[in-house]
Amino acid sequence: MTNSEVPSGEPTAEQSGSSRRGLYLGVALALVVAIGAGGVIPQLLGYGWFGHRPLLYGQGQLYVLNLTDQPHLISVDHRVAQQVEADGAELLPIVGGVSIVEAINESEGSAQRWEVETRRSHALLNLADDTCFVVAEVSNIFDDEQLQVEIEQVVDGQTGVIPLGSERIIWPRGYPKAVGEQGDDPVYSIEIADCEITEDDEFLRDYLQSRLEARM
């Protein structure tokens, strides 16, 4: 065997270099796929690219209030829709940031769509168009004698989604002490109200306070 000959079965320098390049390329492709999946999958699940939304904006709840006489399918950020029965309510998870909320009435073949922006807070979805809501800040919630109510806003029935700016919410017909004693957020109560009484602030404040006191 001459010096120029290579024993059979042993890779040449060219073959070794080609194998290393193939290995590096395979590792690089695997990294690209992993990074792409890590970015796309959370986006498809409604958590934003690379799951940034819950990290930056937190999570909350969407209180779906269906005061119509027909059930609706509700989807948040294109996740699997959940049915909310007629004259019923459901709490659905919502991720902070801008969310897409869709409501489908299969009986009528109609659909509605809203955008809602939350930041570590909850929101309410109203499916009726003839009901008013009153959002009020509640103070001294654990002192029955010092309970105070200050009206923040009156929302007409044409408003679909109501962002509430807090995680401490007394939902319609809910109990004040359910919000718990801990938390830096203000406590807000949201009540269903006859639209005719919402024009008298003093009467409305007394009405809301009496409703809350009765449920303490």
Worksheet item: Is it the case that the stretch 175-183 has a residue that's among the polar types (S, T, N, Q), within 29 Å of LEU55 (Cα to Cα) and surrounded by 19 or more Cβ atoms within 10 Å (Cβ to Cβ)?
Response: no
Exception for ARG120 within (1) on the phi < 0 side of the Ramachandran plot; (2) charged (D, E, K, R); (3) within 22 Å of the chain's Cα centre (by Cα) falls at (1)
In the stretch 161-200, residues that are over 16 Å from ILE141 (Cα atoms) and hydrophobic (A, V, I, L, M, F, W, C) total 7
Among strands (runs of 3 or more DSSP E) entirely within the stretch 141-180, at least 2 residues that are among the polar types (S, T, N, Q), over 17 Å from LEU92 (Cα atoms) and in the same structural domain as GLU213 (by TED's automatic domain parsing) occur in 148-155
Of the residues in the stretch 79-129 that are in contact with a Gly (Cβ under 7 Å, 6 or more places away or on another chain) and without any contact (Cβ under 8 Å) to a residue 40 or more places away in the chain, the one that is farthest from VAL155 (Cα to Cα) is ARG79
- Query: Does ILE170 satisfy being over 22 Å from ASP77 (Cα atoms), surrounded by fewer than 18 Cβ atoms within 10 Å (Cβ to Cβ) and at pLDDT 90 or above?
  - Reply: no
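The values are calculated or read from the model by the stated rules, or taken from the named source; none is laboratory data. Worth saying up front: this structure is predicted, and the values here are computed from it rather than measured. Neighbour counts are summed over all protein chains in view; Cβ atoms, including those assigned to glycine, are modelled from backbone coordinates with ideal geometry.
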